[in-house]
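Asker: Sharing a structure here in structure tokens format.
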Amino acid sequence: MPDFSGKLVAFLQNGDLVLALVTSQSGSKLQVTDANGRQHRVHDKHLLTIFDKTPADLGSLSGVVADLNHRIRELQDNIDTDLLWEFVRDECDDCKLTLLCNNYFGEALPLHQAAMYLTVCEDPIHFKVKGQIIQPRSPTQVAEQQLAQQRQQERRQERDQVLDWMRGVLNGKQGNSEEPDDLQLIRRLEEFLFRQHDDGIGRFLAQLDGDLPPREAAFEILSRLDRLPEDANPLLIISGIEQEFTPELLAAAEAIAPYTSDPFRSTPNATVTFSIDDDETREVDDALSVETDAEYVHVGIHIADAAYFLQKDDQLDREARRRSATIYLPTDTVTMLPERISCNLASLHAGELRPCVSYRATFTHSGELRDWSISRGEISVTHRLSYDRVDALLLDKRGEEPASQLQQLLVIANALFKQRRKNGAITIARPDIKVRVDADGVVHVKKLAVDTPSHRVVSELMILANRLTAEFGIREELPMIYRAQDPPDVTIEIPDEYEPIATENLFRHLKRGRLSVHPQFHAGLGLNAYTQASSPLRRFTDLVLQRQIASCLAEQRPPYQGDQLLAVLGAVEAAEQENRAYERQSTQFYLLRHIEQLPRTARHPVTIIRVVPGGYTVELDDYLVRARLWDNRKHTPGNRIEVKVHDVDARGGNLVVKPL
């Protein structure tokens with residue numbers, strides 16, 4: 001076994017050549033110290049060469065190594081790898097380092113070996129290095145390597161040119177050019193932004209300096225070049241949400257025949273049926289009916305039968321699954337289904353015969369549920385009502401239609417609500433902020449109460465329909481996806497009216513809802529089993545469960561089995577959550593736009609939420625939007641004061657206010 005102690009050696013470490021002094025040896029294992037004082041353990045088989053020049057001690061090591069590295073670089077400068085390759089390409093397949101040195105230098109001294117090794121490692125075109133074995137490439141391989149290097153260099157040049165062009169546009173140094181190369185880049189950006197086609201341009205956008213994500217950067221560039229439609233919705237475009245349907249999908253929707261009466265479907269016994277929605281709602285997917293006798297109140301909840309018009313896995317169904325849900329933005333409504341289906345053929349419009357899934361529930365006059373059933377039916381709505389109109393009718397004591405029916409439903413709804421609260425249901429009376437943008441770009445904001453009698457009727461009866469769907473699935477042993485939520489770990493106070501701090505505390509302790517193939521308690525609703533099937537025109541998950549119900553009613557095999565059902569709904573649920581995030585972002589954006597449009601002298605009542613460095617987080621009472629208050633005066637969370645806007649950035653989502 002050679003003794004390397006005290007020797008200066010060169011060894012390979014992760015492909016690099018390291019010069020170091022051997023300080024101790026145990027068999028084939030060496031302890032070495034490099035010029036930076038770092039210690040390494042090296043096997044002697046990894047040694048490349050041993051130098052004759054040995055430092056007297058570790059103190060002189062760095063000087064000796066610096067001198068050797070200088071001499072190695074001088075030798076490298078004199079090595080012509082083209083000539084070296086010509087010498088050895090036909091002489092050996094696997095050349096040892098000493099052979100290369102002897103062929104080129106006429107000798108293989110340690111300095112020659114170190115210089116030669118570093119040189120061939122830096123020339124992957126002519127040589128392939130494996131440890132200490134050097135393989136000369138064949139002429140064909142060299143040509144391939146040269147072509148690959150050329151293409152790599154061209155790609156780098158293209159990247160640099162594209163990045164320079166993009167930076168120029170973003171910095172305002174590039175006009176709306178008509179140069180062919182610029183037009184090609186513009187088209188690539190348009191394909192990326194509007195049609196989600198990425199030919200590599202997304203990689204360039206990701207390399208731009210700054211914090212802009214690729215799609216936002218593309219939007220900003222096209223905006224500066226005036227290549228966007230005048231009414232372009234930035235959040236809609238940047239998020240990649242497709243508003244329009246393809247011609248093929250529209251043609252498929254046009255080919256669907258309208259519903260005609262089916263004698264095997266049930267019809268409501270009541271003469272008065274009504275839908276309750278916002279005035280602008282076009283996807284009407286639920287309607288109500290009620291009739292009474294001396295002993296009972298018979299309630300009908302009728303859900304639009306979207307499954308009647310769509311076949312599982314056809315092109316319209318696949319598109320609905322991809323979209324996952326209708327998206328409601330201040331500027332647009334992006335429907336899950338083509339409007340011919342969701343806003344026409346399947347929508348429960350007044351005076352039109354439509355297929356439905358009917359939930360019939362029998363109550364005592366005090367609101368105790370006694371019996372229920374589900375069937376496929378048909379309905380012709382007699383009254384389309386708004387929430388405001390229903391609230392007015394509920395105050396009408398003359399007993400006329402449909403006021404009397406609505407008043408009976410309110411008794412039932414109040415009884416259902418009371419029972420759920422008794423079971424631990426958590427209700428949050430947070431107002432709804434409705435934001436709409438008109439054709440002129442003016443933002444309109446309306447604060448709506450959601451704890452009105454009309455909302456109570458609709459929400460409780462839809463919860464009932466979904467609860468009965470879950471119980472139907474249990475009773476019929478039908479594969480279903482249930483929605484569950486564990487109760488909070490601590491007892492929390494539920495405010496009767498909206499109060500931002502108490503509501504925030506409530507949300508902080510609520511457990512996240514989850515999907516399950518088994519029925520479980522839903523703490524938030526106070527129900528032992530719950531699912532969702534009441535909005536099949538607007539949510540794909542509801543359409544899926546509606547199909548499960550329809551198959552059971554027809555005594556057919558369910559279209560979705562357990563694991564398949566969970567996979568479908570789990571994926572769609574994730575997409576739907578993403579869409580809800582877009583809705584929140586869009587609402588926030590246009591709320592801040594609205595505040596931007598207000599005079600800076602406008603007074604805004606706010607609630608102090610919490611202390612933060614330099615001031616407070618507050619909530620604007622009229623808009624329920626959070627802002628930063630810069631104020632060194634002392635305020636107590638929960639207090640209300642008046643402020644005015646100091647700075648607002650709708651794109652960045654920032655709002656700063658200051659005291660009056």
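The values are calculated or read from the model by the stated rules, or taken from the named source; none is laboratory data. Quick caveat: nothing in here was measured; it's all calculated off a predicted structure. Virtual Cβ from ideal backbone geometry, glycine too; neighbours counted across all protein chains shown. The protein model used for the area step is the full one, side chains on, heavy atoms only, and it has no ligands, DNA or RNA in it. Shrake-Rupley method; radii C 1.70, N 1.55, O 1.52, S 1.80 Å.
Asker: Please give the solvent-accessible surface of Glu368 in Å², to the nearest 10, using a probe radius of 1.4 Å with every protein chain present.
Answerer: 100 Å²
Asker: Next question. Could you give the radius of gyration (one decimal) and Dmax (whole number) of the Cα atoms in the stretch 262-350, in Å?
Answerer: Every Cα atom of the stretch 262-350 included, Rg and Dmax give 15.9, 50 Å.
Asker: Quick one: order Arg354, Arg600 from most to least accessible surface, probe 1.4 Å. Write down the numbers at each step before the final one.
Answerer: Values: Arg354 25, Arg600 110 Å².
Descending order: Arg600, Arg354.
Asker: Here's another thing I want to ask about it. Could you compute Rg(Cα) / (2.2 N^0.38 Å) for the stretch 151-310, with N its residue count?
Answerer: Numbers: Rg = 26.6 Å, N = 160, 2.2 N^0.38 = 15.1 Å.
It is 1.76.
Asker: If I take every Cα pair under 8 Å that is 6 or more residues apart in the stretch 61-155, average their sequence separation and divide by the length, what percent do I get for the relative contact order?
Answerer: Relative contact order for the stretch 61-155 comes out at 28 percent.
Asker: Let me ask you something else. In whole Å, what are the Cα extents of the stretch 7-128 along the three principal axes, biggest one first?
Answerer: The principal-axis extents, from largest down, are 43, 29, 23 Å.
Asker: So what does the Cα-only Debye profile of the stretch 212-253 read at q = 0.15, 0.20, 0.22, 0.35 Å⁻¹, as log10 I(q)/I(0), no solvent term?
Answerer: At q = 0.15, 0.20, 0.22, 0.35 Å⁻¹ the computed log10 ratios are -0.46, -0.68, -0.75, -1.20.
Asker: What order do Trp85, Trp372 take when sorted by accessible area (1.4 Å probe), most exposed first? Can you show the working numbers first?
Answerer: Values: Trp85 20, Trp372 45 Å².
In descending accessible area the options line up as Trp372, Trp85.
Asker: Under 19 Å from the Cα of Lys128, which aspartates and glutamates turn up, not counting those fewer than eight places away in the same chain?
Answerer: Once the sequence-local aspartates and glutamates are set aside, what remains near Lys128 is Asp16, Asp80, Asp82, Glu86, Asp90, Glu91, Asp93, Asp94, Glu144.
Asker: I need the P(r) histogram for the stretch 605-658: all alpha carbon pairs, bin width 5 Å from 0 out to the longest distance, whole percents.
Answerer: All Cα pairs, binned at 5 Å, distribute as 5, 22, 37, 24, 9, 2, 0 percent.
Asker: Trypsin sites (Lys or Arg not before Pro) within the stretch 462-570: which are DSSP loop residues with at most 11 other Cβ atoms inside 10 Å? Don't skip to the answer; put the middle values down first.
Answerer: Working: sites: Arg467, Arg475, Arg483, Arg508, Lys511, Arg512, Arg514, Arg538, Arg539, Arg547; in loops: Lys511, Arg512, Arg538.
Loop-located and lightly packed - Arg512.
Asker: So, one more: Quick one: which residues, 5+ away or cross-chain, put their amide H under 5 Å from the amide H of Gly377? H built at 1.01 Å from N.
Answerer: Ser266, Cys356, Val357, Ser358
Asker: Let me ask you something else. Assign one of three labels to the stretch 297-423, namely rounded, prolate or oblate, based on the Cα gyration tensor with a ≥ b ≥ c the square roots of its eigenvalues; rounded applies when a/c is under 1.5, prolate when it is not and a/b is larger than b/c, and oblate otherwise. The partial results should precede the final answer.
Answerer: Values: a/c = 1.94, a/b = 1.69, b/c = 1.15.
Prolate, because a/c is 1.5 or more and a/b exceeds b/c.
Asker: Any idea what the alpha-carbon Rg over 2.2 N^0.38 Å comes to for the stretch 426-567? Display every interim value, and only then the final one.
Answerer: On the way: Rg = 18.2 Å, N = 142, 2.2 N^0.38 = 14.5 Å.
That ratio works out to 1.26.
Asker: Within the accessible area of the chain, what % is carbon and sulfur when the probe is 1.4 Å and the other protein chains stay in place?
Answerer: Heavy-atom surface of the chain belonging to carbon and sulfur, 1.4 Å probe: 46 percent.
Asker: Then there is this: May I have the pair-distance distribution P(r) for the stretch 361-454, computed from all Cα-Cα distances with 10 Å bins from 0 and rounded to whole percent?
Answerer: Once binned at 10 Å, the Cα pair distances of the stretch 361-454 give 12, 29, 36, 18, 5, 0.
Asker: Just list whichever of Lys397/Lys418; Lys7/Lys29; Lys7/Lys130; Lys45/Lys96 have alpha carbons separated by over 18 Å in the model shown. Kindly include the intermediate steps, with their values, before the conclusion.
Answerer: Working: Lys397/Lys418 24 Å; Lys7/Lys29 14 Å; Lys7/Lys130 25 Å; Lys45/Lys96 14 Å.
Lys397/Lys418; Lys7/Lys130, as the Cα separations exceed 18 Å there.
Asker: In addition: Tell me the mean residue ellipticity at 222 nm calculated for the chain from its helices only (DSSP H runs of n ≥ 4, each -39500 (n - 2.57), averaged over every residue, nearest 500).
Answerer: Computed ellipticity for the chain at 222 nm equals -12000 deg cm²/dmol.
Asker: What are the ³J(HN,Hα) couplings of the stretch 301-317, residue after residue, when phi is run through the Karplus curve with 6.51, -1.76, 1.60 and θ = phi - 60°? Round to Hz, x for glycine and proline.
Answerer: Rounded to whole hertz, the list is 10, 10, 10, 3, 8, 5, 4, 5, 9, 10, 9, 4, 6, 6, 5, 5, 5.
Asker: Kindly report, to the nearest 10 Å², the accessible surface of Asp123 as traced by a 1.4 Å probe over protein heavy atoms only.
Answerer: Counting only protein heavy atoms, the figure is 20 Å².
Asker: I'd like to check one number: the per residue accessible area of the chain, probe 1.4 Å, reported in Å² as a whole number. Walk me through the intermediate numbers first.
Answerer: On the way: 33130 Å² over 660 residues.
Value returned for the chain: 50 Å² of accessible area per residue.
Asker: Ordering Leu288, Leu525 from largest to smallest accessible area (1.4 angstrom probe), what's the sequence?
Answerer: Working: Leu288 5, Leu525 30 Å².
Heavy-atom accessible area, descending, gives Leu525, Leu288.
Asker: Okay, moving on. How much net charge surrounds Thr607 when only other residues with a Cβ under 12 Å from its Cβ are counted (Lys, Arg +1; Asp, Glu -1)?
Answerer: Values: positive: Arg610, Arg626, Arg640; negative: Glu499, Glu504, Glu619, Asp621, Asp622, Glu642.
Net local charge, Thr607 excluded: -3.
Asker: Out of residues 5 or more away from Glu401 or on other chains, whose amide H comes under 5 Å of its own, with H placed 1.01 Å from N in the peptide plane?
Answerer: none
Asker: Among the aspartates and glutamates, which fall within straight-line cross-link reach of Lys644, defined as a Cα-Cα distance under 15 Å, with same-chain neighbours fewer than 8 residues apart omitted?
Answerer: Reachable aspartates and glutamates: Glu596, Glu619, Asp621, Asp622, Asp631.
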